[in-house]
Amino acid sequence: MLRRSFGAALMVASLFLADLNAAGKDIASHLQTISVTVKAGRSEGSGVAFTRDGQCFIWTAGHVVDGLQMTRMVPDPKTGTMRSVISFRDAQVVKTLVENGRTVGHLMIDAEVLKYSGADYGDDLAILRVRKKGFITKSVVFEGDALPPLGTPLLHVGSLLGQVGSNSMTAGIVSQHGRLLAKKVYDQTDATSFPGSSGGGIYRAANGQYVGMLVRGAGEGFSLYVPVRRMRTWAKRVGVSWAIDLKVKLPSEAELQKLQIGDPPGGAKGGKADMKKYPFRLHVKKVKENE
């Protein structure tokens, strides 16, 4: 009887481990599908796809795309006085294709910058819209606002060193909550990151849900990410909750075109980020050959 009970327990354990391994493979595959490289002029970083209503939106770090920013002077239609208007050139979103254990190519599509908050005085977040519908059909799943306990296993997927390291997956844990940098809250992980990781997702290893965006570090084992609870607060404040919550109606095309790209006046609170404590914004800046 004891031998029979032990055999049954062993079978149950084996089935559980098989299911766990299968689930792990599914999670890894899903995270690979929704992760992209973001190219912004001479800067390269990472991003994650949020797909709804046939459109693909990319969450990335503000400092990844800030080099695309342009300022021009235009006359105010009411007063005639000249005022500055900020616009952005398109970024390029790159999807790496891997088949049978080999990279077989890349797909690169233009993406417009819909919303941007700068790194120094803002929230260091940006939302892009891929100009081709159906580019990525899978979507990130955002976790709720509850804090993942310290020690929670995490996965990071990012373009380590830029496109050359696209969709690199590393692992770590939640190292700490609530680090303050320029009056902004960040959580901390020891998941390995390098330049190019900025904008890449941090996910629960157990279910693949998105818990935050990696943006800054002070060494390979010390990285800061914008927790999803702060992303939700920012999205609500600037009127883009539809980019993180499926229950919020997606604006019409006309409404999206009227969306103010930068932070609203008085919207970006806090001082300048302390580059001595956290010196690395984890994006890659390419150097021109003649420099």
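A single member of Ala28, Ala9, Ala111 is modelled with pLDDT under 95 and surrounded by 13 or more Cβ atoms within 10 Å (Cβ to Cβ), and it is Ala28.
State whether the residues of region 142-158 include one that is hydrophobic (A, V, I, L, M, F, W, C), in a loop (DSSP other than H, G, I, E, B), more than 21 Å from Arg237 (Cα to Cα) and at pLDDT 95 or above. Checking region 142-158: at least one residue is hydrophobic (A, V, I, L, M, F, W, C), in a loop (DSSP other than H, G, I, E, B), more than 21 Å from Arg237 (Cα to Cα) and at pLDDT 95 or above.
In this structure, Asp123 does not qualify as of a type in the set (D, E, K, R), surrounded by fewer than 18 Cβ atoms within 10 Å (Cβ to Cβ), touching a helix residue (DSSP H, G or I) at 6+ places or on another chain (Cβ under 9 Å) and in a loop (DSSP other than H, G, I, E, B).
Only one entry of Arg230, Arg204 meets the criterion of being surrounded by 15 or more Cβ atoms within 10 Å (Cβ to Cβ), at pLDDT 90 or above and either farther than 18 Å from Ala119 by Cα or in contact with a helix residue (DSSP H, G or I) (Cβ under 8 Å, 6 or more places away or on another chain) (or both), and that entry is Arg204. For beta carbons closer than 7 Å, sequence separation of 6+ or different chains, a first residue in region 146-170 that is touching a residue at least 60 places away in the same chain (Cβ under 8 Å) and within 14 Å of Thr192 (Cα to Cα) and a second that is of a type in the set (D, E, K, R) and buried (at least 24 other Cβ atoms within 10 Å of the Cβ), the qualifying pairs are Ser159/Glu44. Among the residues of region 164-188, those identified as crowded, with 18+ Cβ neighbours inside 10 Å and within 23 Å of Phe50 (Cα to Cα) are Gly165, Ser166, Asn167, Ser168, Thr170, Tyr186, Asp187. Residue count for region 207-227, restricted to those that are more than 24 Å from Thr33 (Cβ to Cβ) and surrounded by 24 or more Cβ atoms within 10 Å (Cβ to Cβ): 3.
The values are calculated or read from the model by the stated rules, or taken from the named source; none is laboratory data. Everything numeric in this text was worked out from a predicted model, so none of it was measured. When we count neighbours, we look across all protein chains shown, and the Cβ atoms used for this are built from the backbone with ideal geometry, even at glycine.
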